[in-house]
Amino acid sequence: MPAYETRDGSLIRELMHPEHHGVRNQSLAEAIVAPGQGTHLHRHHASEELYHITQGEGWMTLGDAQFKVGVGDTISIEPGTAHCIENRGSQELKILCSCSPAYSHDDTELLEV
């Protein structure tokens with residue numbers, strides 16, 4: 001699958017998704033955020049997400065909390081929770097994103113652009 005830009009502004013490469021790979025209840029993708037860039041503040045009404053940082057470092061906003069993230073960190077994002085991530089490092093920030101139910105543009109509400 002070729003990479004594409006999601007509504008939140010990250011570049012996504014789908015690794016597993018029900019529309020393409022035969023899985024039923026979840027999706028797994030690699031998100032890439034360039035240095036100095038970030039995703040738009042957004043939330044998903046149905047999907048629970050897990051972010052696992054595989055490269056780089058960033059600044060995570062999760063609801064009212066803000067904190068530094070780096071390689072090896074895993075963040076749980078409950079449905080309805082506003083979130084975004086900013087790459088504050090010098091290399092690409094790479095994140096494995098697992099969504100259940102699977103990621104959908106229709107389930108993504110942008111809170112700022």
Check your understanding: Condition test on LEU50, is it in contact (Cβ under 8 Å) with a residue 24 or more places away in the chain, aliphatic (A, V, I, L, M), within 16 Å of SER104 (Cα to Cα) and touching a Leu at 6+ places or on another chain (Cβ under 7 Å)?
Key -> no
Check your understanding: From the residues in the stretch 71-91 that are among the hydrophobic types (A, V, I, L, M, F, W, C) and in contact with a Gly (Cβ under 7 Å, 6 or more places away or on another chain), which one is surrounded by the fewest Cβ atoms within 10 Å (Cβ to Cβ)?
Key -> ALA82
Study note, to complete from the structure: In the stretch 42-52, residues that are hydrophobic (A, V, I, L, M, F, W, C) and either buried (at least 17 other Cβ atoms within 10 Å of the Cβ) or closer than 16 Å to THR74 by Cβ (or both) total 1
Exercise for review: May I ask you to say which residue of LYS68, LYS94 is under 22 Å from PRO35 (Cα atoms), crowded, with 16+ Cβ neighbours inside 10 Å and modelled with pLDDT of 95 or more?
Suggested key: LYS94
Practice item. Scan the stretch 86-97 and report the pairs whose first residue is farther than 12 Å from LYS68 by Cα and whose second residue is surrounded by 15 or more Cβ atoms within 10 Å (Cβ to Cβ) and aromatic (Phe, Trp, Tyr), with Cβ atoms within less than 7 Å and a gap of 6+ or a chain change. Key: ILE95/TYR51; CYS97/TYR51
Point to revise | Close pairs (7 angstrom Cβ cut-off, 6 or more residues apart or separate chains): without any contact (Cβ under 8 Å) to a residue 60 or more places away in the chain in the stretch 24-44, surrounded by 19 or more Cβ atoms within 10 Å (Cβ to Cβ) and not in a strand (DSSP E or B) anywhere | key: THR39/ASP8; THR39/SER10
Study note, to complete from the structure: GLU49 passes all but one of the listed conditions (1) in a strand (DSSP E or B); (2) at pLDDT below 95; (3) acidic (Asp, Glu); the exception is number (2)
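The values are calculated or read from the model by the stated rules, or taken from the named source; none is laboratory data. Please read all numbers here as calculations on a predicted model, not as lab measurements. All Cβ positions, glycine included, derive from the backbone under ideal geometry; neighbour counts span all protein chains shown.
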